[in-house]
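Inspection log for the structure reproduced underneath, given as structure tokens.
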Amino acid sequence: MRRKKFRRELYKKKYLITGIFTMLIFLVGFFLGVIVDNQRIESIRAKTEVQEIDLVDLQLQYDYLNKILGQNDNCEVLKIALESSVRKLGESLSKVEKYEKETTTKTEDYIRIKKKYLLDNIRYWNVAEEAKEYCNLSILSILYFYSDSCDSCPNQGVILSYYKNLYGDSLLVFPLDASVEDIGILRMILLKYNITKFPSLVINNKVYSGVIDKEELKEIICNETKWEGC
Amino acid sequence: MNRVDLIVWIAYFISLYIAIFWLINVLEIKKSRKIIKIKSWPSVSIIIPAYNEEKHIKDCIESVLNLDYENSKIKIIVVNDGSKDKTKEVVEEIISKKKGREIILINQKNSGKAKALNNALKLVKTEFFACLDADSFVSKKALKRIIKTFYEYDNNLAIVTPAMKIRNPKNLLQKLQYVEYNISMLLHRLMSNLNSIYVAPGPFSVYKTEIVKKLGGFDSTTLAEDQEIAYRMQKNFYDIKQSPNAFVYTTPPNNFKSLYRQRRRWYIGGFSNIIKYRKMFLNPKYGHFGIVQMPFNLLNFIMAFIGVFLIIYYILMPILRFVKNIFIIKFDVYPYLKTFFSQKIKLSLTIIDLNAFRTVIILFLLVISLIMLFFAFKNADEKIKRKSITLLLVLYFFVYYAVLSFVCVISILEFLILRKRRW
């Protein structure tokens, strides 16, 4: 039998065309991704601007109340304002988290937004604590310190969100990511409460380190408040 | 960008490249075939290796006897591979009834399909021989079409493969395989055009006797002798072509356990053949087969590993996390329900919630898959049943593939561990 071929064909043109089409689709996807990421940043920025206004509003209300001491009926107004602001803060957290999950490129914008979110939380916590003392509000605020590298922190998060769901607006949880760098006030708070382990909770100036489980946290909450269901 | 994202990007790129490559080849299919008149059809031996096939062997032999082909030019050799059931008796009965036809029965100790084929090959004196799994059935015109294909090409053509179909799929698992076989039939046609077929399926591949004998028959040391013989042909620069209309019907596994066993054999066999013929891998001497087809075959395995990893990372781990959270709150989901119902639930699927990059790639992959599917059914001469096809396709793309990926990964890991231990 005669054999003709001892070499096989290559289809270089086809490989090239396939490569070009693949790259094209990839580029379309990539640029759309960049556009959407920018939109996302814009929308979070818009959200934080609204918060800024809310916060200034709240501080003004608080200052004003301080001036006209004794008019306790205004406290109800303050309480409502505080609750709605904190709720908005919570919404913005879920936006930040969603952004973290969906974005393909983590930009400086994202880090800036995270820092700003952290600062907002600390400011709200300040206002909440002062308002509580002044108006004798039946609210409880929890500072929740966590860090990126901590494996058990999500567990504490789950328990906290359980009680947040249970007590609603009376329980204010301020999550603070301790791994965010270069924030002076965060360092100060960490130093003041001597927090080195994560997760840690600060409730009415008392520090609780390590994961506080469901029953323990319930006990703490009940000790600090006289809420129903305790 | 973290490491998982990088894996996802690479997986998308590879999938997209392979999908577009096949699509380009589909759009290139030409129908023009040479019209060939054959005055004297050649004799063909048909080897039927059978192990415990009492249920199917009668239909199988009868489909061969009913082939549209000159009766005296068909010689049937049934090899009973030490069956424990009544295969032998069934065949003997057929032989006694069909006295005018040439049917030989060889009984051997159970020693596998490759040895059965080699034993039968010793008796083959015809120019061509076919191998037909005992659970498969040939359509009337299959043999003539395959022989015609031999005459369309030159002496280099060693194997012509059939167009394999599933005979009336009954349960869901068989219906999924029905979709799979239709797609695979189209891919084989494309590989045939590119001269890169890497498997000669057990159901009715037809060989040129002289070439197979020259290359030493079938390899009894591999789990997939059907792939091994094809790789060996490619290595020796012989051609393998598919005869697109030569329909052969096979009986697919009807439960998961036997599907698992079949695929395990395919995956381990396929993987060990890539290792055995690694010198052809990316070797320009072997053209498209070495540079593209073999890497594609290897990528199938790699993609299965990536797929399994992603399924675990994106589906199983979140489920585990969810279960763990339920444990942390001690199954007390009441507060969640309370807030769930009291709040206005905002169903806001905004642009914010969308990963545009991923969406674009997945959309393209889906569209290409659907186009390929349309051509595959057209090519297989099968009608698309509108009512049931949607659910079938969803299951096919999102469940069947995932399950097969797991089977592949488990098989390959088993293979690698056993191989290491043996050394």
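The values are calculated or read from the model by the stated rules, or taken from the named source; none is laboratory data. If you're wondering where the values come from, they're calculated on a predicted model, not measured in any experiment. Here Cβ is always computed from backbone atoms with ideal geometry, including for glycine, and neighbour counts include all displayed protein chains.
Selection of the range B:178-204 for residues being buried (at least 23 other Cβ atoms within 10 Å of the Cβ), within 14 Å of another protein chain (Cβ to nearest Cβ) and of a type in the set (G, A, S) yields only B:S196. Selection of the range B:296-327 for residues being within 14 Å of chain A (Cβ to nearest Cβ) and over 19 Å from B:F21 (Cβ atoms) yields B:Y313, B:Y314, B:M317, B:P318, B:L320, B:R321, B:F322, B:V323, B:K324, B:N325, B:I326, B:F327. Filtering the range B:400-423 to residues that are surrounded by 12 or more Cβ atoms within 10 Å (Cβ to Cβ) and either closer than 18 Å to B:I315 by Cβ or of a type in the set (V, I, T) (or both) leaves B:Y400, B:Y401, B:A402, B:V403, B:L404, B:S405, B:F406, B:V407, B:C408, B:V409, B:I410, B:I412. Just one of the listed residues (B:S40, B:S32) is surrounded by fewer than 20 Cβ atoms within 10 Å (Cβ to Cβ), over 21 Å from the mean Cα position of the chain (by Cα), at negative phi and modelled with pLDDT of 85 or more, namely B:S40.
Close contacts from the range A:28-48, counting a first residue that is facing chain B (nearest Cβ under 7 Å) and a second that is at pLDDT 80 or above and part of a helix (DSSP H, G or I), with Cβ to Cβ under 7 Å and a gap of 6+ residues or different chains, come to A:V28/B:V360; A:G29/B:F357; A:G29/B:V360; A:G29/B:I361; A:F30/B:F357; A:L32/B:F357; A:L32/B:V360; A:G33/B:F357.
The number of residues in the range A:140-168 that are within 14 Å of another protein chain (Cβ to nearest Cβ), of a type in the set (S, T, N, Q) and closer than 28 Å to A:K79 by Cβ comes to 3.
Across the range B:275-293, what is the number of residues that are under 22 Å from the mean Cα position of the chain (by Cα) and in a loop (DSSP other than H, G, I, E, B)? So the answer is 2.
Counting the residues of the range B:74-112 that are in a helix (DSSP H, G or I) and surrounded by fewer than 15 Cβ atoms within 10 Å (Cβ to Cβ) gives 4. Any residue that is among the small types (G, A, S), in contact with a strand residue (DSSP E or B) (Cβ under 6 Å, 6 or more places away or on another chain) and not assigned by TED's automatic domain parsing to the domain that holds A:Q59 - is there at least one of those in the range A:176-189? Among the residues of the range A:176-189, at least one is among the small types (G, A, S), in contact with a strand residue (DSSP E or B) (Cβ under 6 Å, 6 or more places away or on another chain) and not assigned by TED's automatic domain parsing to the domain that holds A:Q59, which makes the answer yes. Please specify each residue of the range B:234-256 satisfying the condition of being of a type outside the set (S, T, Y) and not in a strand (DSSP E or B). Hits for the range B:234-256 are B:Q234, B:K235, B:N236, B:F237, B:P252, B:P253, B:N254, B:N255, B:F256. The set of residues from the range B:205-214 being more than 13 Å from chain A (Cβ to nearest Cβ) and either modelled with pLDDT under 95 or in contact with a Phe, Trp or Tyr (Cβ under 7 Å, 6 or more places away or on another chain) (or both) comprises B:V206, B:Y207.
Conditions (1) in contact (Cβ under 8 Å) with a residue 40 or more places away in the chain; (2) of a type in the set (A, V, I, L, M, F, W, C); (3) in contact with a Lys or Arg (Cβ under 9 Å, 6 or more places away or on another chain), marked per residue:
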residue	(1), (2), (3)
A:V158	no, yes, yes
A:G184	no, no, no
A:L191	no, yes, no
A:I203	yes, yes, no
A:E215	no, no, yes
A:I220	no, yes, yes
A:E228	no, no, no
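Does A:I142 meet the test of being of a type in the set (V, I, T), at pLDDT 85 or above and outside any helix (DSSP H, G or I)? Taking the combined requirement at face value, the residue satisfies it. Taken as a whole, the condition of being at pLDDT below 95, on the phi > 0 side of the Ramachandran plot, surrounded by fewer than 18 Cβ atoms within 10 Å (Cβ to Cβ) and among the aromatic types (F, W, Y) does not apply to B:F327. Residues of the range A:171-210 that are within 19 Å of the chain's Cα centre (by Cα) and assigned to a loop (DSSP other than H, G, I, E, B): A:A178, A:S179, A:V180, A:E181, A:D182, A:I183, A:F198, A:P199. In the range B:131-166, the residue that is nearest to B:E225 (Cα to Cα) out of those that are surrounded by 18 or more Cβ atoms within 10 Å (Cβ to Cβ) and of a type in the set (D, E, K, R) is B:D133. Within the range B:251-264, no residue satisfies the criterion of being at pLDDT 95 or above and touching a strand residue (DSSP E or B) at 6+ places or on another chain (Cβ under 9 Å).
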